[in-house]
1. Hey, residue 20 hits all of (1) modelled with pLDDT under 95; (2) buried (at least 17 other Cβ atoms within 10 Å of the Cβ); (3) part of a loop (DSSP other than H, G, I, E, B); (4) within 16 Å of the ligand (Cβ to nearest atom) but one; which does it fall short on?
2. Taking the stated definitions as given, is residue 212 out of contact with any helix residue (DSSP H, G or I) (no Cβ under 9 Å at 6 or more places or on another chain) and not in a helix (DSSP H, G or I)?
3. Checking residue 107 against (1) free of Cβ contacts under 8 Å to residues at least 60 places away in the same chain; (2) within 12 Å of the ligand (Cβ to nearest atom), which single condition isn't satisfied?
4. In the range 32-74, what residues are surrounded by 14 or more Cβ atoms within 10 Å (Cβ to Cβ), in a loop (DSSP other than H, G, I, E, B), modelled with pLDDT of 85 or more and more than 10 Å from the ligand (Cβ to nearest atom)?
5. Assuming residue 249 fulfils every condition listed in (1) loosely packed, with under 10 Cβ neighbours inside 10 Å; (2) assigned to a loop (DSSP other than H, G, I, E, B); (3) free of Cβ contacts under 8 Å to residues at least 60 places away in the same chain apart from one, which condition is it?
6. Can you name the residue in the range 110-133 that is touching a strand residue (DSSP E or B) at 6+ places or on another chain (Cβ under 7 Å) and assigned to a helix (DSSP H, G or I) and, of all such residues, is farthest from the ligand (Cβ to nearest atom)?
7. If a residue must be within 16 Å of the ligand (Cβ to nearest atom) and out of contact with any helix residue (DSSP H, G or I) (no Cβ under 6 Å at 6 or more places or on another chain), how many such residues does the range 134-143 contain?
Ligand code: SF4
């Protein structure tokens, strides 16, 4: 179900950052249905708890963004438009709000970051190229496994991992900044050496930019949803997971073991882990009070 919402504001500051501290979520909820989704908490103020089926779109997002990105004191910080949902999830194929969202970034000449697991973004590549000729456009993909059988269980409605990587290559070819989030790495499911090596190898071969890699976290609602998933599909792993995830983070022993493997792969493929789009130094939210 897709329901329209009217937004009063779009730009939101958050302390924790990968690419930028500023988000503008176009959608609430996400049909990609990743079993490990960290963003499920974001449905708590809506009149439904079904994050994966009840999808909300901020129908006036382009108009509000144009207004906010034009404000005199706004310093053209890069804005990530896929924070707690994927704005190229399947509903976008029919709703088509993203072309107007990108046009609002073109009109205001504001850097844009898009993090997606979908190849639908290729529909808008001409607009993104136009924006990239004015300011930085950063396209980031997140990936978990190249094993399609497992991927279909873990991220059933996202694009196949290799398709995502091929899509990202097209954005490197038109000059956008690109990066790979290898996350989450799922213990005993996607952490085999073959998968780790292949993701790094393709990132290097396709010239996809830096790669960040993290193990799965199981906090809040994500924990119960993921344990239910394990019970259905990998029941033999339940007892190991109870030991590995005594709390929200994986055990120190596992994390150290994984970090060593990742360090070795960085060295082997000479891939960096840090990614930042070009941004003004002062990225704090104090200016918002002056708007
Ligand atoms: S794509 Fe992101 S927001 Fe959507 S279900 Fe997957 S993890 Fe959650």
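The values are calculated or read from the model by the stated rules, or taken from the named source; none is laboratory data. As the structure is a computational prediction, the values presented were derived from the model and not from experiment. Reconstructed Cβ throughout: ideal geometry from the backbone, glycine too, with neighbour counts over all protein chains shown.
1. Checking residue 20 against (1) modelled with pLDDT under 95; (2) buried (at least 17 other Cβ atoms within 10 Å of the Cβ); (3) part of a loop (DSSP other than H, G, I, E, B); (4) within 16 Å of the ligand (Cβ to nearest atom), the one that fails is (4).
2. The answer is yes for residue 212.
3. Going through (1) free of Cβ contacts under 8 Å to residues at least 60 places away in the same chain; (2) within 12 Å of the ligand (Cβ to nearest atom) one by one, residue 107 breaks only (2).
4. Of everything in the range 32-74, those that are surrounded by 14 or more Cβ atoms within 10 Å (Cβ to Cβ), in a loop (DSSP other than H, G, I, E, B), modelled with pLDDT of 85 or more and more than 10 Å from the ligand (Cβ to nearest atom) turn out to be 54, 59, 60, 71, 74.
5. (1)
6. Applying the filter and picking the extreme gives 131.
7. 2
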